[in-house]
Ligand SMILES: Cc1ncc(COP(=O)(O)O)c(C=O)c1O
Ligand code: FES
């Protein structure tokens, strides 16, 4: 029996593609020059960056290569976009975002709220979908920027960002999307949209960690976050992370070639995994908008048990996944995404995310389908909410601890 | 991934005494489904000897919650109820070779379940006053509820004072923004409250206190010093330290810091914090000095 570890946590980060690694290596050794330098050492690196920029441009469908600004990560791109919109339009003080964004957006917005900005967080229904009427009503003359993620990192749910961008523009506001999870899995053609800014992060698409992109539509009013040298045309100062940018270029090229594969073969494996688990395990359900989500993501809520315990047992069985439980984050509340969808606490703590990549195989998926049911059963056996055959009658009443 | 000890892992993968315990005559349910931790502790107590013959648990919770529950049942089996009640959450954590600071509440939950189960056996009602907030200081495992309460009760206004009273912020300093936010929140409340028009500064509190306090007799004063120090000891013991009073000489109080307190980076801060409390309790200025200085200080 093959028991090599199985990696199903690709929404957290991905393995670097071997072709990405080999393209990067020369930039640590002979190609060490500074792309800004006049001599040939720098010149070659400059050309390599140009090539990488063109590959990112192609994957995003950007009209101009100068719309691609390299950054250090998705988080930096998110912060840059929002802070720029506020600085560039001082007469506007409202940010519209959603309740299910990544902390890269939400934590920044909480901070800006304390600084006096008005933050509108759009809620979602129980399948994780936005209410477009609520969105339209929130837009106004004071809206500086709307920031909505293209796809959710936990549930994979896809937001109608192209339509949202049109509406934002009609209100005179800028539109930003955190597409960190979407790039490479969903076909994107930015020149056909009204999206002003988009964030992507290399390590979610088989490029290295610590490199990202801010797409900045030509003509969008902009104020840099980092000022200094003239790198990235003065829009993001700091000597370029040349090796990683070259790696990101290769990764984008590959993502474009693999897009169809992601949406057929990977999707089929994901569906097989989900169906296999749902068929065997009682009292569990998939979360999010299952008919409109990323092809690689399945997030299943296992009722009456806690996610960290599931992950530890999965890990022992050689399976890597992640959870929305409070405990895995060190916070007191389970995932804000699950709570926003109104998933009850008894299930939210037990949500487990399986996120696949093009490297996963059918035999791996079959091993996971076999491993999960006994793990769930083992934890339910010691759960106070679970009886001999199933959940205790009215679990909230049967077990009512002294503080709640 | 959490940095769990081998012992925690072992108790999680092979929990002892898990599952329903038949014939249990003391049951304690604690925790909160909202926070993702809930524990039912079941005891079978021999009525004649009050010895815990068997213990069992059911836990909804993470790896360390399950391991803490398992450890607790192992620790208390064979003990009398009174002996068992002496088990502290630190004992549970020690048994497991330590828990990450974010997970110390799992051991607290174990200790509370024990109190609840014993109360249940004895036919008493167990009331919990425990409230838990978001973890602010990871170096010393201090949460927001505790910091806020200490800030409010003692009218603290600076991060340094918070560190003296709770230790929070006295390590790597990365939690200072969070502490400052709590200070700002409490001071804002104080400012808008109709009765408290001005924000009390530490100096004005210290100056006002002696006038308010009635004069103590020598005996009352010593008792008061003892009581104050006694109230602080559990906090030090939680961190494997302790303190004892060696001599009281006028305004100089000589103490011995013991265990982990000795040479700890917090030693000076700890003495400072205790001194502040004594000043408040006595309504006069006193100095807290290490016993080593006995006979040397003026
Ligand atoms: C939706 C989303 N936005 C932003 C980020 C942050 O990206 P980075 O880790 O590159 O800062 C992530 C990754 O965790 C993400 O999933
Ligand atoms: S986290 Fe508070 S001092 Fe380190």
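Output yes when any residue across the stretch B:93-103 is within 14 Å of another protein chain (Cβ to nearest Cβ), touching a helix residue (DSSP H, G or I) at 6+ places or on another chain (Cβ under 8 Å) and closer than 26 Å to residue A:386 by Cα, and no when none is. Scanning the stretch B:93-103, I find at least one residue that is within 14 Å of another protein chain (Cβ to nearest Cβ), touching a helix residue (DSSP H, G or I) at 6+ places or on another chain (Cβ under 8 Å) and closer than 26 Å to residue A:386 by Cα, so the answer is yes. If you filter the stretch A:190-210 down to residues that are part of a helix (DSSP H, G or I) and more than 10 Å from ligand 1 (Cβ to nearest atom), you find that the one that is surrounded by the most Cβ atoms within 10 Å (Cβ to Cβ) is A:190.
A count restricted to the stretch B:234-249 and to residues that are modelled with pLDDT of 80 or more, in contact with a strand residue (DSSP E or B) (Cβ under 9 Å, 6 or more places away or on another chain) and over 16 Å from residue B:276 (Cβ atoms) stands at 6.
Checking each residue in the stretch B:104-136 for being within 16 Å of ligand 2 (Cβ to nearest atom) and at pLDDT 90 or above picks out only B:136. Within the stretch B:169-183, if we keep just the residues that are in a loop (DSSP other than H, G, I, E, B) and touching a helix residue (DSSP H, G or I) at 6+ places or on another chain (Cβ under 6 Å), the residue that is nearest to ligand 1 (Cβ to nearest atom) turns out to be B:169. Restricting the stretch A:288-310 to residues that are away from every other protein chain (no Cβ under 11 Å) and more than 16 Å from the chain's Cα centre (by Cα), the residue that is surrounded by the most Cβ atoms within 10 Å (Cβ to Cβ) is A:302. Go through the stretch B:142-158 and report how many residues are touching a strand residue (DSSP E or B) at 6+ places or on another chain (Cβ under 7 Å) and surrounded by fewer than 22 Cβ atoms within 10 Å (Cβ to Cβ). Qualifying residue count for the region: 2. Here B:112, B:74, B:124 are screened, and the one residue that is within 13 Å of chain A (Cβ to nearest Cβ), surrounded by fewer than 17 Cβ atoms within 10 Å (Cβ to Cβ) and closer than 16 Å to residue B:41 by Cβ is B:124. Within the stretch B:159-168, is there a residue that is crowded, with 16+ Cβ neighbours inside 10 Å, modelled with pLDDT under 90 and touching a strand residue (DSSP E or B) at 6+ places or on another chain (Cβ under 6 Å)? Within the stretch B:159-168, one or more residues are crowded, with 16+ Cβ neighbours inside 10 Å, modelled with pLDDT under 90 and touching a strand residue (DSSP E or B) at 6+ places or on another chain (Cβ under 6 Å).
If you check residue A:248 against the conditions, is it buried (at least 22 other Cβ atoms within 10 Å of the Cβ) and either under 15 Å from residue A:187 (Cβ atoms) or in the same structural domain as residue A:50 (by TED's automatic domain parsing) (or both)? It is true that residue A:248 is buried (at least 22 other Cβ atoms within 10 Å of the Cβ) and either under 15 Å from residue A:187 (Cβ atoms) or in the same structural domain as residue A:50 (by TED's automatic domain parsing) (or both).
All of A:214, A:313 fail the test of being away from ligand 2 (no atom under 16 Å from the Cβ), within 14 Å of another protein chain (Cβ to nearest Cβ) and not in a loop (DSSP other than H, G, I, E, B), apart from A:313.
Just wondering, is there one or more residues in the stretch B:43-53 that are in contact with a helix residue (DSSP H, G or I) (Cβ under 8 Å, 6 or more places away or on another chain), within 14 Å of chain A (Cβ to nearest Cβ) and outside any loop (DSSP other than H, G, I, E, B)? No, the stretch B:43-53 contains no residue that is in contact with a helix residue (DSSP H, G or I) (Cβ under 8 Å, 6 or more places away or on another chain), within 14 Å of chain A (Cβ to nearest Cβ) and outside any loop (DSSP other than H, G, I, E, B). Here residue A:324 does not fit the description of being within 14 Å of chain B (Cβ to nearest Cβ), modelled with pLDDT under 95, on the phi > 0 side of the Ramachandran plot and in contact with a strand residue (DSSP E or B) (Cβ under 8 Å, 6 or more places away or on another chain). Sort out which residues of the stretch B:137-150 are farther than 9 Å from residue B:166 by Cβ and either within 14 Å of the chain's Cα centre (by Cα) or more than 12 Å from ligand 2 (Cβ to nearest atom) (or both), and write them in order of number. Scanning the stretch B:137-150 gives B:141, B:143, B:144, B:145, B:148, B:149.
Table: residues versus (1) under 22 Å from residue A:357 (Cβ atoms); (2) within 16 Å of ligand 1 (Cβ to nearest atom); (3) outside any loop (DSSP other than H, G, I, E, B).
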site	(1), (2), (3)
A:218	no, no, no
A:225	no, yes, no
A:244	yes, yes, yes
A:254	yes, no, yes
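Contact map, the stretch B:159-187: first residue within 14 Å of chain A (Cβ to nearest Cβ), second residue within 16 Å of ligand 1 (Cβ to nearest atom), Cβ cut-off under 7 Å, separation 6 or more or different chains; the map is empty.
The values are calculated or read from the model by the stated rules, or taken from the named source; none is laboratory data. Because the structure is a prediction, the values reported are computed rather than measured. With ideal geometry, Cβ positions are generated from the backbone for all residues, glycine too; neighbour counts draw on all protein chains shown.
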